[in-house]
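Trainee: Take this structure first; my questions come after.
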Amino acid sequence: MAVKTISQDSAASPASGTPLISTTPSPPAPAKASRAYVIGMPIASAGLWMAVLAPALVVLAIKVSEITTPDTRAGALSLVAGVGALVALLANPLFGRLSDRTTSRFGMRKPWIVGGSLVGLASLFLLGSAADVATVLVAWVIAQLGFNAALAALVATLPDQAAPAERGRLSGLIGMTLPIGLVAAAFFAQLFDNALQMAVVPGVVGTAVAIAFAFTFKDRVLTEKPAPLNLKEILGSFYFNPRIHPGLGWAWLTKFMVYIGYCAGLLYLPYFFTDHLHVAESEVTSLVFQATLVSAAGTVATSLLGGWISDRIGKRKGMVILSALIMMAGLVVIATSSTTGQVLVGQAIAGLGLGCFSAVDVALIADLLPGTQSENAKTFGVFNIAQALPQSLVPAVAFPVITFGGYPTLFLGGAVVGIVGAILVTRIKGVK
């Protein structure tokens, strides 16, 4: 879930934080990014993630519970979360491409950062005050459109503002903003007792931070009107041929299946607390904050360490398998928990595995990339789909699984899928 690699023209992935990279060429970047940019850009990224993750983490589940019955709320949440994730998946690369072609006198990125943030914030007021599932769905779709437009333009400022020698350091900082935003979202949510405040307060703070950042850097102004954007160019960003690159195909499938397992345990945690562990709803937001905090701490710690160890020992596949197994072990601990303390332990274990997996997985993909820079950019974009798509697919299958087997069955089933995905990495040839 962390940003790991950014090339010359990029846009953030919808739910992952990893950049979707376009192939539109960029002019030479400045010799060095300004100090204000180096400080402000990661803060703005964390703010936008906080704004969009607060609803995803807690508010959607609480709002859906308020306006549905216990028998229908899991299905309603699956619908809203699944459609929202799909919209985010499609919207992010689209808005990234549009920002590449924006000829505003204010710059290429600022209009999207400011406008997208404000649209997203306005939708949070609608979400928090919604009285039916249809309104929740519309509000969440608009929120995903707005905040993903802002995130896409924000990450695309990196090649505009920073020299190549700086981008690795900055992308590392940006990679930590998603777990930071996740913790901040959970922190704000547990301060309030109604969905409107839980959604709007983090949104106001995140939007204010993003807009403030937009006025601290000199945006690149596009002086020539670009060539028209055609459908073939857009669609070409979403696939590669696994027959030509079988190693990439197996790596994509591994990432996809591991994230199916992870999402199975993440999206329904609030309902696991209330429906399975019988925790009072007034305590859920505090528990989700604690779970998010321990998970994010583990993710941040091992995301820096995992890649370094993999480089030192010169092995990728074994580290991918090990880290994925740690993630799934955390999911099994959660599924078999009888107390909230056990859930927190499971979350910590899953976070440790996630951080290491995120780092080593990106290194593995880099080792398998085709030779040309344009193909490399497209390939990273395709792999971001493997990370984001499970957030749409899991809700689609979760409802019947929960209905017939309960939340532990969903979590254990996700763990099985993740373990199978981890084993598939052994099919990759030419990489240790």
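Trainee: To the nearest 0.05, how large is the calculated FRET efficiency for GLN342 and LEU191 if R₀ is 25 Å and r is the Cβ-Cβ distance?
Mentor: Once the sixth-power term is evaluated, E becomes 0.45.
Trainee: So, with a 1.4 angstrom probe, what is the percent of accessible area on segment 51-102 that is carbon and sulfur?
Mentor: Ligands and nucleic acids excluded, carbon and sulfur reach 72 percent.
Trainee: Ok, one more. Hey, rough spin-label estimate for THR409 and ALA134, points 7 angstrom out along Cα→Cβ, what's it come to in nanometres?
Mentor: 3.2
Trainee: May I ask you to derive the FRET efficiency for HIS278 and PHE215 from their Cβ-Cβ distance with R0 = 60 Å, giving the value to the nearest 0.05?
Mentor: It comes out at approximately 0.75.
Trainee: Next up: Please give every one of the lysines within straight-line cross-link reach of LYS218, meaning a C-alpha to C-alpha distance under 16 Å, and leave out same-chain neighbours fewer than 8 residues apart.
Mentor: Of all the lysines, those that pass the test against LYS218 - Cα under 16 Å, at least 8 places apart if same chain - are LYS32, LYS110.
The values are calculated or read from the model by the stated rules, or taken from the named source; none is laboratory data. None of these values were measured; they are calculated from a predicted model. Please note: Cβ atoms are built from the backbone with ideal geometry, for glycine as well, and neighbour counts cover all protein chains shown. Ligands, DNA and RNA are excluded from the accessible area calculation, which covers all protein heavy atoms including side chains. Shrake-Rupley method; radii C 1.70, N 1.55, O 1.52, S 1.80 Å.
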